[in-house]
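Throughout, read-outs are computed from the coordinates displayed, never taken from laboratory work. In this text the structure is predicted, and so the values were computed from the model without any measurement. In this analysis, Cβ positions are derived from the backbone assuming ideal geometry, glycine residues included, and neighbour counts consider all displayed protein chains.
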Amino acid sequence: AQSVAQPEDQVNVAEGNPLTVKCTYSVSGNPYLFWYVQYPNRGLQFLLKYITGDNLVKGSYGFEAEFNKSQTSFHLKKPSALVSDSALYFCAVSARDTGRRALTFGSGTRLQVQP
Amino acid sequence: GAGVSQTPSNKVTEKGKYVELRCDPISGHTALYWYRQSLGQGPEFLIYFQGTGAADDSGLPNDRFFAVRPEGSVSTLKIQRTERGDSAVYLCASSLKGLAASGDEQFFGPGTRLTVL
């Protein structure tokens with residue numbers, strides 16, 4: 001079975017500071033990894049994904065994530081946080097090798113950026 | 001362009017009633033997914049369609065839940081004999097190819113909030 005852990009329910013950061021939202025995963029074989037963001041009363045929006053190749057993935061709105069196979073992690077990062085980044089962030093995994101397309105999501109991390 | 005749309009946005013029903021939730025995927029997307037999100041949780045997979053057929057229905061919780069996609073576009077999630085525990089936001093997503101090796105991202109609709117009284 002595949003799973004995702006987001007160990008922090010909430011992350012607080014001051015505007016302009018770097019941010020990190022943590023994610024670890026468990027899957028049989030190689031993973032596809034995704035980050036989504038959810039704003040209040042809006043659907044999930046895709047931020048970035050790791051498929052294969054370069055371990056550092058760049059996505060929308062200045063976000064990036066680093067795939068670390070040995071630590072089974074895919075932490076989301078941004079060099080300088082904005083107040084508008086405040087939202088709920090979800091990490092998700094699917095299993096590349098088994099062909100199962102369903103995403104397994106973590107429980108989410110609420111990011112609060114203070115002005 | 002138009003994204004994934006879902007109707008209704010809110011549905012309130014009584015325990016034991018039947019409900020249908022509709023999803024219109026992005027035009028041209030062959031794969032369609034249903035997820036359910038309970039308060040404070042991440043979305044949980046229900047069912048995945050590739051074209052008209054259900055390629056993976058392993059997430060459906062029991063036989064009260066059923067979904068169809070008869071023409072390979074619009075999908076309807078059907079819940080019979082609703083229970084209070086079915087209350088959640090039901091999310092639909094679509095992706096371009098849905099092939100196992102493609103790693104396509106899924107694009108989500110705004111969801112239908114179902115409340116069972």
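Placing unit charges on the Cβ atoms of the charged side chains and taking the dipole of the protein assembly as shown about its Cα centre, the candidate lying farthest along the positive direction among A:20, A:59, B:103 is B:103.
Straight-distance candidates among the aspartates and glutamates for linking to residue B:78, with alpha-carbon spacing under 14 Å and chain neighbours fewer than 8 residues away dropped: B:20, B:57, B:63, B:86.
Its Cα centre serving as origin, chain A has a Cβ charge dipole (Lys and Arg +1, Asp and Glu -1) of approximately 300 debye.
Considering all different alpha carbon pairs of chain B, the Kirkwood hydrodynamic radius works out to 14.2 Å.
Projected onto planes of every orientation and averaged, the convex hull of the alpha-carbon atoms in chain A covers 6.9 nm².
Distance between the pseudo-spin-label points of residue B:64 and residue A:3 (7 Å out from Cα toward the beta carbon): 2.7 nm.
Placing a label point 7 Å from the Cα of residue A:107 along the Cα-to-Cβ direction, no residue of the range A:26-55 has a backbone N closer than 12 Å. Shielding by partners for peptide A:101-113, expressed as the average number of C-beta atoms from other protein chains within 10 Å of each residue's C-beta, is 5. Of interest is the spacing of the C-alpha centroids, which for the range B:1-61 and the range A:72-115 amounts to 21 Å.
Using only side-chain charges placed at the Cβ, +1 for Lys and Arg and -1 for Asp and Glu, the dipole size of the range B:1-50 relative to its Cα centre rounds to 140 debye. Students often get this wrong: which residues of the range B:7-50 have the backbone nitrogen under 17 Å from the point 7 angstrom along Cα-to-C-beta of residue B:80? Of the residues in the range B:7-50, B:15-21 have backbone N under 17 Å from the label point off residue B:80. Just tell me which lysines come within less than 29 Å, Cα to Cα, of residue A:69; anything on the same chain fewer than 8 places away is out. Correct list for residue A:69: A:22, A:49, A:58, A:77, A:78, B:97. Rg and Dmax over the alpha-carbon atoms of the range A:51-100 stand at 12.8, 40 Å. Neighbours of residue B:110, meaning other residues whose beta-carbon lies under 13 angstrom from its beta-carbon, give a summed charge of +2 when Lys and Arg score +1 and Asp and Glu score -1. Cβ crowding within 10 Å ranks A:50, B:48, B:33 as A:50, B:48, B:33, fewest other Cβ atoms first.
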